[in-house]
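Accompanying notes for the structure given below.
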Amino acid sequence: MSHLSKLLQNPQLWRSGRRNQAAGHNSIGTGLRRLDQALHSRGWPLAGSTELLCDHFGLGELSLLTPALAQLSQQQAIVWLNPPFEPYAPALQQAGINLEHCLFVHCNGLSDQLWAAEELLRATAFAAVLNWSDNSKLADRDLRRLQLAAREQQCWHIHFRAAATAQHSSPAPLRIGLTSQNKQLQLNVLKQAGGPAGQQLLIARAAHLLHEQKPPEYWPQHTGNSKSRLLLARLPRVKTPLDAGVELH
Amino acid sequence: MWLYVRFPLLLLDREPGAGVAINEPQALLAQRSILEANRAAQAAGVRPGQSLTTARSLCPGLQCRAPCADRMQKQLEQLALWAYRFTPELCLTPEGLLLNVAGSLKLFNGFLPLYRRFQWGFRKRRIPAVYGLGHSPLAAELVSHSTTDISTLLNEHGLLDKNAVIHLLNNLPVKYLPCEDKHQQQLATLGLQTIGAVNALPHTALTRRFGPFFSTLLNRLYGIEADPRKTFRPPDYFYSERQFNGSLTRAEELRFPIAALLGELDYFLQLKQWVNRHMDWQFRYCDGQSDTLSMPVSHQHVDRRRLLRLVLLKLEKFILQGPVDALILQCHRFEPVAQRNDELFQHNAVFDHQRHERYLAVLDKLEARLGENSVWQPALCNEHLPEQTTTQRHPLANTPYSARAESTTRPLWLLPEAYHLREQDGIPCWHKPLQLLQGPERIDNQWWQQRQVRDYYIARADSGALCWVYRDCLQQRWYLHGLFG
């Protein structure tokens, strides 16, 4: 009997219909209650690879991670390996990420990138490594090396890959497909440790981004010939405290 | 208790000269007579003291050159740096090193263990050395000319037997006395053969005949008068080289000489309590060309094995141009070793030193393989144009952050260069027409040079991506500048 209970407590064992409690020990909250509930680890797993599969940028793929990264970056360093564009520092700061703990690494070529990723994961000096692979196909052996390095050294490896790789198998314990669905970010959990996968979530973008400020007829019109004059937007007149006669000193 | 080490073949062995193989007969020449001959020349019968014509007739292929005092001095300085570990009282003489080992006997468990380490060190470097031991610096120098094994000069306690040294000195030929040729001839005409015979004469008579210098010389030799010498100070830079004489052709073979040079550097830095910030490697080829390889390092304390791995990593991408003649390691920039305080209670630690150490190690590795500019951190500047608000800084640069709280909405992705968007009916298109959501936010800047007037909008693309676009009000064109990731 004791053998059986020991076996049941093994986190590697998947039991259908029941959440694995052991999986939630080493995780960090995502900042979104619904996502925390959907993940068996109750948050982002802090060790091992997390694959995020998306084809487009600007869907909200980074703001999904920023609450967790902001928390991690207060004490420990975070590496951005080969980001597709420049991560804009003022925006990172707005999101609460400590810039002094951010390190950007750029390298050319697949072999250099795999080498750098493994070195960074094995360094045990970083809390998270964000890694962007281009469309080149990664061998299963390389992915497994990265996953093992991340798991052994307790480092969160966030691996951004193309959506087409969802068809291929991967050793990463958590894989999430990201698409845009009707102004929202759709998360499709393809695989996760400790329980069944297949959860689908819709996460709304930040309200201040989607706020439609003015109807389109107020946008600046281009008249063509007047190059010297600046065409400014005709802003709708709003009553401000200044108009109400408050004097400024 | 002074130990003297003379290096008879140092210049001939270490510096064979351009285009000369080590096993060809060579000799050093002074005033048309042979000063020193290497092993090949000695095998042919060439002996020091022979005239050039005699030597040439004995060995027709003999190559002669004049000794270079500067090169000798440089070689001796390198050896002195190694020998400095045995005693701080170390002097350079034109031919060798002079060490006062009296203070180091206890540390090395007596003279013989120290002497054995000395012999082993020079044998490993394949430098022929001749030893002398004496109670005064001059005595040690002169004893090195005698063929007696210096271990016979020790008493049963392992200490110097002064009487044995004096006995040995008394029997040494007069020609080894460091005095002028004129005086040597005078001594010969007086019929004095040994130093003991000279010393037995009354010193006042010697002073009258040879000048006051001569009696001082004898007093110093017998340890009656003090003989102050200028002690060697390790230089403030590191320079070391290894000669291969063209026998080295592959980069993998460099591993062991590199490890040896790093060992020397490690010792030098420990001596000075410094850490280096730069390593300059120079590969000198047989044809006189040379390649340099400089690499920055950012460690906090020197770990020889880690440095070796780093250098080998850097060498992976480095191609040797030909057979290597000499390998040189130089370091000029140093910093004092940072003393750090460890926390008494680990869980209270504010700053994790070990983690920081690992962070520096991985930085060095990345820079060694990917190049110096491949790693950076963002730094904020007080500029208004979005592309100018951040600059790249080296992770270890000490530039302060001018952190600026910005309240306006900014995208997480910024395109490295603004992407020109085509315009359709006044609406910008990125593949398909964009839907402008909010704006404009005007940035009007740089009126003093190239004026920039931009109206920034947030727009939604057909793919669902939120874009940060701007209309250049001067050029009347639309650009995509960022993405809300």
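The values are calculated or read from the model by the stated rules, or taken from the named source; none is laboratory data. Keep in mind that what you see is a predicted model, and the values were worked out from it rather than measured. No Cβ is skipped: glycine too gets one built from the backbone with ideal geometry, and neighbour counts run over all protein chains shown. Just so you know, the surface numbers come from the protein's heavy atoms only, side chains and all, with ligands and any DNA or RNA stripped out. Shrake-Rupley method; radii C 1.70, N 1.55, O 1.52, S 1.80 Å.
Points to keep in mind about this one:
- Residues located in the range B:392-441, provided they are more than 7 Å from chain A (Cβ to nearest Cβ), modelled with pLDDT of 85 or more and under 45 Å from the mean Cα position of the chain (by Cα): B:GLN392, B:ARG393, B:HIS394, B:GLU417
- Selection status of B:GLN377, assigned to a strand (DSSP E or B), away from chain A (no Cβ under 14 Å) and either in contact with a Leu (Cβ under 8 Å, 6 or more places away or on another chain) or not aromatic (Phe, Trp, Tyr) (or both): no
- Within the range B:47-56, if we keep just the residues that are touching a Leu at 6+ places or on another chain (Cβ under 7 Å), over 19 Å from B:PHE7 (Cβ atoms) and in contact (Cβ under 8 Å) with a residue 12 or more places away in the chain, the residue that is least open to solvent (accessible area, probe 1.4 Å) turns out to be B:ALA55.
- Among the residues of the range B:33-45, those that are surrounded by fewer than 16 Cβ atoms within 10 Å (Cβ to Cβ) and out of contact with any strand residue (DSSP E or B) (no Cβ under 6 Å at 6 or more places or on another chain) comprise B:ARG39, B:ALA43, B:ALA44, B:GLY45.
- Some residue of the range B:299-316 being farther than 26 Å from B:GLU335 by Cβ and either in the same structural domain as B:LEU248 (by TED's automatic domain parsing) or surrounded by fewer than 17 Cβ atoms within 10 Å (Cβ to Cβ) (or both): yes
- Elements of type strands (runs of 3 or more DSSP E) contained in the range B:20-77, each with 2 or more residues being farther than 27 Å from B:GLY288 by Cα: B:33-37
- The selection criterion, being out of contact with any Pro (no Cβ under 8 Å at 6 or more places or on another chain), more than 11 Å from every other protein chain (Cβ to nearest Cβ) and open to solvent by 50 Å² or more (accessible area, probe 1.4 Å), does not hold for B:GLN446.
- Cβ-Cβ under 6 Å pairs, at least 6 apart or on other chains, the range B:387-398 side closer than 20 Å to B:ARG358 by Cα and part of a loop (DSSP other than H, G, I, E, B), far side at pLDDT below 85 and open to solvent by less than 30 Å² (accessible area, probe 1.4 Å): B:LEU396/B:SER298
- Any hit, the range A:61-82, residues being under 20 Å from B:ARG460 (Cβ atoms), open to solvent by 20 Å² or more (accessible area, probe 1.4 Å) and in contact with a strand residue (DSSP E or B) (Cβ under 8 Å, 6 or more places away or on another chain): no
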